[in-house]
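Below is one structure, written out as structure tokens; the observations come after it.
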Amino acid sequence: MPPVLVELLQFLFSGLASGAIYALVALGFALIYNASHIINFAQGEFVMLGGMVTWVLLSQGIDLPLAILGAVAVTMVAGLALEKLAIERARDANVVTLIIITVGAGIFLRGLTSVTLGKDLHALPAFSGNAPIDIAGATLMPQSLWILGVTAAIVVALHVFFHYTVVGKAILAASHNPLAARLVGINVNVVLLLSFGLSALLGAVAGILIAPITATHFEVGIMLGLKGFAAAILGGLGSGPGAIVGGLLLGVIESLGAGYISSDYKDAIAFVVILGVLFLMPRGLFGKRGTERV
Amino acid sequence: MATIKPSGYSKHRKKQTYTRRLGTRATPMQMLFSERVGGMGALILVIACLPLLLSNNYQYDVAITMGINAIVVVGLNLLVGYAGQVSLGHAGFFALGAYASAILTTRYGLHGALALPAGALGVGVLAYLIARPILRLSGHYLAMATLGVGVIIHIVLDREAWLTGGPDGMYVPTIEVAGVPLYGGAIWYWIVAAVLILTVWLALNLIDSPIGRALRGLHGAEVAAEVAGVDTTHYKVMVFVISAVLASVAGSLSAHFSEFVTPDSASFFHSILFVTMVVFGGMASTFGALIGAALLTLLPQLLADFSGYEQMILGLIMMLVMIVMPRGLLPTLVGLARRRQREARS
Amino acid sequence: MSLLRVEGLGIHFGGVQAIEDLDFTIEAGTIHSIIGPNGAGKTTLFNLITGVYRPSAGTILLDDTPIAGRKPHDLARMGLSRTFQNLRIMMNMSALDNVMVGRHLHLNRNLLACLLRLPPVTRGDRAARKLCTELMDLVGLSAYRDADAGSLPYGALKRLEIARALAAEPRLLLLDEPAAGLNAQETREIDEVIVKVARSGVTVVLVEHDMKLVMGLSDHILVLDHGRTLAEGTPEAVRNNPAVVAAYLGTV
Ligand SMILES: Nc1ncnc2c1ncn2[C@@H]1O[C@H](COP(=O)(O)OP(=O)(O)OP(=O)(O)O)[C@@H](O)[C@H]1O
Ligand SMILES: [Mg+2]
């Protein structure tokens, strides 16, 4: 293959891997948004917790699979606690107030992590070694395959959950029409609690998957959270497929931009693209369209 | 055909009586308690007396930072509190003002007194250009777009080291006026105080004018305002530009006062901090904004002693205050006081 | 020349054709009612005329000037004003300030003047406050002069909508179900207000389900059904129109 194409392939590989992570974070945003119309700015801290807790468990001599399970569990507890202790008590507050509450939760979780686990940067070991795989001249790290594979599995699992299980259908119903859902006996608070737990799970998994590549740190959640929000908006808030497509697109665009334009501006490119898309499509790529009823 | 009576409709609801008859002028007592007279008077009194309590440079620094933040927050409150348009990127405009002052004075030898308006003008033009497309968005989409603008400004300031000094920031020379260097807390206290008082006065005037009613109206019922002849886009753009310019002015003041600027002044968390000040004090309340700015400037200083735990405590306080008082400090307190009064009377 | 002329007007939302190929005219100085069963497209028609929705087909002429697709605030400048069936009250403001927003176009809106609170602004505001208070008295809101809009009962909010629309001093006033949810006494009061307004030379377009009110007030009635004209004419003609009778007996 000509070097130009190899290079492109290389950028695509890395873009898809980080895009899959963004997609997972964006799905977390979408889940909570659908259940409550709240944007959870602490979503990035779920990602951070996943990586950091896995690291600390590993450093205590616990095996990787167990450490991962432990980290996911801890993060889910954090997510459930956030919903129970804060969100549930402030559901009727306006958009800005809720933003501040979730940002406050994020600051709290970061502070808690830095106090208990320190402020150092930690790398997790790759799940199955660092031997690069050669594909048509471009290299693919096994960890990237893990990311793509796990993300795909999660997407399938979510699809099955929401369309073929009673609980999943109940959550969907509650997000489409909370009043009707309440009338048929769905407890909206339980749905909200579930969605926070599920979002925390998605965030933790994303954080664990990416930690071997980018290392983890008590502040990694800030940028990852914002990118995940950007991806969710890009796809159209509340749309599951939108979150996935938005995440992957964002990852690829960022990787191409960093490769061909300027790596200094990698993070900025994502936001420029978002602004561009919103200027043309004020509700994102897959957002609800139609005239507002007056 | 039957007409349907919606539930919740009751014609027996208590009718209220009001002391102030319209078309008449306010009595001296009412003037005293009005925002423009009583509020401004109280503000000036506090500002005039505060130096009596300030005993060292550090305390002056905190007081001046309060004032600078208050200027941003009074402007941001016009946008977020009154017009109901979220912005998570105003630290970007603050930082642009600061850097405009820093760069124009160090690299181009402009006088600080010219750099400030030049920066404000530049930021005003930039804000105007992005406001139109951005303010077509609403809710979380608007939050995302303004957040994006802030992040982009942050990154540019961080990366263009040849111009901005990069992540380390840059020094700003002391301003001289007629050979006298403007240096030290005592001088800057009064400069910031003057700008703040002017800002508050202009904000109060604006809110209590046809433009202010248009802003509050488009917040409350956008179509209705539009149908009443309010060019809602125009007013959203106007208030966005005003708030950005005020942030820029505050940024310039901060650069000249502290004689140092860093890209972190444009960070997402700085933007969030400004919004939190607005909401803490009470949205759509200019004096609430002042209280919010003062408290949240003071808070990190008080927390500095809790080495390591300050972030946790700050996060907790943000959550607690917003859960307990979602409408903010001042409106909640005023509401409580009113209820007390009513109970006392009956 | 008619004040308002609509030709071939249509709009659809996804698959729903809410208004289809509609033609009618409204003469200046009349009370023109639009009636029809729920979902007939009456509110949609108001939204089209006042620029809230953009039509998919057809033209709307105000004084022979095409206005379809223009922004509502432009049309307000041309003398259009309306109330909303689903109340659009600014709950964050006082009742009087709601009416004052309606006065917007008549006030000094210069930024510098407002920032500095120059005499033209204060003078204009004082005059407007007086006028708006009188309007509130006219629609029967004297008891709520300085109340927060949020504290008003439903019937008062309906009147507040009317006061705000009147504050603009429109040439063409569109009222969307002003009497819905009101009791007989309140409906009579609204009836009087409409007559008073019409006498002062304002052209009124009225959407209303209360047949007594409509038949008593209107100079001309347009009956809509499924977005199309079912019948049109004087109250007598419409009342005796077999298609209308059939439609109404079918729906009630
Ligand atoms: N913004 C919108 N989006 C989608 N459909 C709409 C919209 N506005 C109106 N419709 C549809 O257009 C049709 C006409 O509605 P409209 O509100 O105009 O009826 P109406 O005659 O005012 O009824 P009512 O007497 O109940 O007020 C309805 O089928 C309605 O669902
Ligand atoms: Mg209707």
| task | Tell me which residues, restricted to segment C:1-52, are more than 13 Å from ligand 2 (Cβ to nearest atom) and hydroxyl-bearing (Ser, Thr, Tyr). | result | C:SER2, C:THR25, C:THR30, C:SER33, C:THR50
| Where in segment C:169-252 are there strands (runs of 3 or more DSSP E), lying wholly inside it, with at least 1 residues that are away from chain B (no Cβ under 14 Å), surrounded by 15 or more Cβ atoms within 10 Å (Cβ to Cβ) and more than 21 Å from the chain's Cα centre (by Cα)? | C:228-233
| note | Flagged pairs (Cβ under 6 angstrom, 6 or more apart or on separate chains; first in segment B:134-161, at the interface with chain A (Cβ under 9 Å from one of its Cβ atoms); second aromatic (Phe, Trp, Tyr)) are B:GLY148/A:PHE271; B:VAL151/A:PHE271; B:ILE152/A:PHE271
| query | For segment A:219-241, what are the residues that are among the hydrophobic types (A, V, I, L, M, F, W, C) and at the interface with chain B (Cβ under 10 Å from one of its Cβ atoms)? | reply | A:ILE222, A:MET223, A:LEU226, A:PHE229, A:ALA230, A:ALA232, A:ILE233, A:LEU234, A:LEU237
| query | Which of (1) within 14 Å of chain A (Cβ to nearest Cβ); (2) of a type in the set (Gly, Ala, Ser); (3) closer than 23 Å to B:GLY212 by Cα is the odd one out, the single condition B:GLY92 does not satisfy? | reply | (3)
| note | Scanning segment C:46-82 for residues that are within 12 Å of ligand 1 (Cβ to nearest atom) and more than 30 Å from C:GLY216 (Cα to Cα), the one surrounded by the fewest Cβ atoms within 10 Å (Cβ to Cβ) turns out to be C:ARG54
| query | If you go through segment C:6-31 one residue at a time, how many are within 16 Å of ligand 1 (Cβ to nearest atom) and not aromatic (Phe, Trp, Tyr)? | reply | 14
| Residue check, C:LEU105 more than 8 Å from chain B (Cβ to nearest Cβ), closer than 27 Å to C:LYS158 by Cβ and open to solvent by 10 Å² or more (accessible area, probe 1.4 Å) | no
| request: Determine whether A:SER255 is surrounded by fewer than 18 Cβ atoms within 10 Å (Cβ to Cβ), among the polar types (S, T, N, Q) and more than 16 Å from ligand 1 (Cβ to nearest atom). | output: no
| field | When residues of segment A:246-289 are limited to those that are charged (D, E, K, R) and in a loop (DSSP other than H, G, I, E, B), the one farthest from the other protein chains (Cβ to nearest Cβ) | value | A:LYS288
| Hits in segment A:127-176 (condition: exposed (fewer than 12 other Cβ atoms within 10 Å of the Cβ) and under 18 Å from A:LEU31 (Cβ atoms)) | A:ALA153, A:VAL156, A:ALA157, A:VAL160, A:HIS163, A:TYR164, A:THR165, A:VAL166, A:HIS176
| note | Going through segment C:126-160 in order, the residues found to be facing another protein chain (nearest Cβ under 7 Å), crowded, with 18+ Cβ neighbours inside 10 Å and modelled with pLDDT of 95 or more are C:ARG129, C:THR133
| Taking B:LEU273, is it more than 11 Å from the chain's Cα centre (by Cα) and either under 20 Å from A:ALA86 (Cβ atoms) or assigned by TED's automatic domain parsing to the domain that holds B:ALA63 (or both)? | no
| query | With C:VAL223, C:VAL197, C:VAL202 as the choices, which residue is β-branched (Val, Ile, Thr) and touching a helix residue (DSSP H, G or I) at 6+ places or on another chain (Cβ under 6 Å)? | reply | C:VAL223
| Quick one: would you say B:ALA293 is out of contact with any His (no Cβ under 9 Å at 6 or more places or on another chain), away from chain A (no Cβ under 11 Å) and surrounded by 24 or more Cβ atoms within 10 Å (Cβ to Cβ)? | yes
| task | Among the candidates A:LEU280, A:LEU275, single out the residue that is open to solvent by less than 50 Å² (accessible area, probe 1.4 Å) and not small (Gly, Ala, Ser). | result | A:LEU275
| task | Evaluate the following for C:ASN98: is it open to solvent by less than 20 Å² (accessible area, probe 1.4 Å), modelled with pLDDT of 95 or more and of a type in the set (S, T, N, Q)? | result | yes
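Conditions (1) in contact (Cβ under 8 Å) with a residue 40 or more places away in the chain; (2) away from chain B (no Cβ under 14 Å), marked per residue:
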position	(1), (2)
A:LEU16	yes, yes
A:ALA26	yes, no
A:TYR33	yes, no
A:LEU58	yes, yes
A:MET76	yes, yes
A:ALA81	no, no
| query | Which of the residues that make up segment C:34-45 are buried (at least 24 other Cβ atoms within 10 Å of the Cβ) and either more than 7 Å from ligand 1 (Cβ to nearest atom) or of a type in the set (A, V, I, L, M, F, W, C) (or both)? | reply | C:ILE34, C:ILE35, C:LEU45
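The values are calculated or read from the model by the stated rules, or taken from the named source; none is laboratory data. It should be emphasised that the depicted structure is a prediction, and the values quoted were computed from it without experimental measurement. Backbone-built Cβ (ideal geometry, glycine too); neighbour counts: all protein chains shown. Accessible surface is based on the protein model in full, side chains and every heavy atom, while ligands, DNA and RNA are left aside. Shrake-Rupley method; radii C 1.70, N 1.55, O 1.52, S 1.80 Å.
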